[in-house]
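Below is one structure, written out as structure tokens; the observations come after it.
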Amino acid sequence: MNKKLDKGKPKIWYLKILDDLKNTNPFYLIIAVIIGWTLISSFVESTKPVTKEVSLNETFQLIQSNSVNKITLTGKDVMMELKDGSVANTTKEDQISFYELLSLQNIDPNLVPGGIYEKQDIAWVEIITTLAIPLLTILFLVWIFKQMGRSNGGLFSLGKSKAKLFNRDENRIGFKDVAGANEIKDELVEVVDFLKKPEKYRKLGARIPKGVLLIGPSGVGKTLLARAIAGEADVPFYSVAGSEFMEMIVGVGSARVRDLFAVAKETAPSLIFIDEIDAIGRHRGGSMAMSNDEREQTLNQILVEMDGFDPRTNVIIIAATNRPDILDTALVRPGRFDRHIKIDLPDINEREEIIGIHMRGKPFTKEVQINRIAKQTVGFSGADIENMLNEAAILAARREVTEIGVQDLTEASTKVKLGPGRKLLQTDEQRKIVAYHEAGHGLVSSAIPNSDPVTRISIVSRAMSLGHTQYLPDDDQHNHTKSKLLGIIASLLGGRAAEEVVFSEETVGASSDIERATAIARRMVTDFGMSDLGPINFVNDGSSRYVLDESDRPAGYSDEVARKIDNEVQKIIVTQYDKAKKIIVTYRETLDKIADELLAKETLEQDDFAEIVRDIKH
């Protein structure tokens, strides 16, 4: 028979019903059975003849008056069919028969012409109802448990690892797919080589690190590097987040750790990647709260598993964190996480490579230059760059153009840094104050030698700021000179200086600038030894590192020294503020030009701004 004709034939009705039942949720079937049984029971009750309840005395009177045609006995129930066609019911005691009752009343049973019958009635409704309720309850519970078992992290899989196994063939990447980080790749090549050729190292008595800890800020590519290692070595790659070990039930986390390592050992050589390991690897004993019991047990199990590795087991752990200072010392000691690799934000050359990768598949205008984009994205991570290029594509699509232009990239860069622009209901006077404030920043920065060039000035409100001035800082943010720091402070105070010179008034808009300037001045005095107090570090906690916007650390000096420090900080701020005011007064005409252009255009790009300040001498 032709198969095409078979497909067109209608399906038999009962087969169709069976197919529908197979595809129906069991829970809905149970509900339907309960509802159906209730309706049937109600229908059966409604179809019974109308009866009346009478007492035993009335029953005896009806029999003596020859009103009863037939009597049916069912246990203690007595049903009488009367000669007028109606039905009457009564009940008797279980311990005595109906014939004995008639005998006690001196009633002849022959007075009932239809006879008296005893019926052994089986209460099917009661039996089925009694059995159906527990049966349906059991079926419902079985279905619930099955659903929980199938779900990820269900009741029957609490102790199972939630690690994801990446397929070797699908989504496989290598070091060539990771832009920049060349020195870090060289460090990780040894891990790859060991996974491929372990005997090469064992013959020489070498021991490859059991664990590699990747340290770096968010978005620099720690997870991407771990996947690249697995791709290069062509081994199973198990990825899990530190928080996925944690549950409310104590002991689940350690069970998941055991399961993860057991699976990894079975598929060795393999690689385990634990992202955000600080979620379970924090210092132990920091709190007596019960909520820490599960985390500490999980950490203890990880320590035991890493210590218990068979030297012949080719399982390497890679963990990532951006908070290495809070990790437990037992976790990061040699023999566990032997190798610590710090991943910094990409430099200009690495940013060019990253930009080139993320530009693939996107059309750009001829004016777009990769090296210029790289210069404008100092401090951007790889994730920031990808987000910026995606935002630029969205902006170009919004303008209904076919190619991404320079203005799209500039706006996207600002959006990633400061957030989207928003329109505020400002008066002309408020806009003028903001324009002169931002013009003051740009003017002072342009008049100071060796300052970072201004790339954009805008009075468009973004996030918490009413306007912004962007600079093009050097990639080397770790070794500023004293003159460079003083120049940054003067530029930060240029906005307040412009307000005072032009309006003879001060606004709260400079609060953030003053906060940053004060923090830098205090670091110069207490951390960097750049004051008349001499090259002395007044922060003795051993954690000093060069971050300009870091909050003040606890003081380790006397009150007298604290007063001297405050005086030095004040001297730096006041001196640079006077310097900024002097620049504003000297180049007042240029300041007015910048402010007028901002009021007219709202935003000045680097070339337009450079044209206005070209006559300023450093």
Identify the residue in region 197-234 that is among the small types (Gly, Ala, Ser) and more than 29 Å from the chain's Cα centre (by Cα) and, among all such residues, is farthest from Ile326 (Cα to Cα).
-> Gly205
When residues of region 313-365 are filtered for being of a type in the set (S, T, N, Q), assigned to a helix (DSSP H, G or I) and at pLDDT 85 or above, how many remain?
-> 0
Find all pairs meeting these conditions: Cβ atoms under 8 angstrom apart; at least six residues apart or on different chains; first residue within region 389-411 and outside the structural domain of Ser458 (by TED's automatic domain parsing); second residue surrounded by 16 or more Cβ atoms within 10 Å (Cβ to Cβ) and in a loop (DSSP other than H, G, I, E, B).
-> Leu389/Met359; Ala396/Gly405; Ile404/Val368; Gly405/Val368; Val406/Val368; Leu409/Val368
Can you tell me how many residues in region 366-411 are part of a helix (DSSP H, G or I) and of a type outside the set (S, T, N, Q)?
-> 24
Which condition breaks for Ile488 when tested against (1) of a type outside the set (Gly, Ala, Ser); (2) more than 29 Å from Met524 (Cβ to Cβ); (3) touching a Ser or Thr at 6+ places or on another chain (Cβ under 9 Å); (4) modelled with pLDDT of 90 or more?
-> (2)
Only one of (1) more than 32 Å from the chain's Cα centre (by Cα); (2) closer than 25 Å to Ala600 by Cα; (3) in the same structural domain as Thr590 (by TED's automatic domain parsing) is not met by Met464, so which one is it?
-> (1)
Hey, can you tell me all the residues within region 351-371 that are touching a helix residue (DSSP H, G or I) at 6+ places or on another chain (Cβ under 8 Å) and under 19 Å from Ala179 (Cβ atoms)?
-> Arg351, Glu352, Ile354, Ile355, Gly356, Ile357, His358, Met359, Lys362, Val368, Ile370, Asn371
Filter region 597-618 down to residues that are in contact (Cβ under 8 Å) with a residue 12 or more places away in the chain and acidic (Asp, Glu) and give me whichever is surrounded by the most Cβ atoms within 10 Å (Cβ to Cβ).
-> Glu597
Of all residues in region 84-115, how many are aliphatic (A, V, I, L, M) and either at positive phi or assigned to a strand (DSSP E or B) (or both)?
-> 2
Could you tell me whether region 539-558 includes any residue that is at pLDDT 75 or above, assigned to a helix (DSSP H, G or I), more than 12 Å from Leu485 (Cα to Cα) and not aliphatic (A, V, I, L, M)?
-> no
Is it true that some residue in region 48-64 is within 30 Å of Leu135 (Cα to Cα), modelled with pLDDT under 80 and over 60 Å from the mean Cα position of the chain (by Cα)?
-> yes
Condition met for Glu589 (in a helix (DSSP H, G or I) and at pLDDT 90 or above) | yes
Which residues, taken from region 279-291, are farther than 15 Å from Gly211 by Cα and modelled with pLDDT of 75 or more?
-> Ala279, Ile280, Arg282, His283
For Glu294: the one exception among (1) at pLDDT below 80; (2) surrounded by fewer than 20 Cβ atoms within 10 Å (Cβ to Cβ) = (2)
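The values are calculated or read from the model by the stated rules, or taken from the named source; none is laboratory data. Since the structure is predicted, the reported quantities are computational estimates derived from the model, not experimental observations. Don't worry about glycine lacking a Cβ; one is built from the backbone with ideal geometry, like all the others, and counts go over all protein chains shown.
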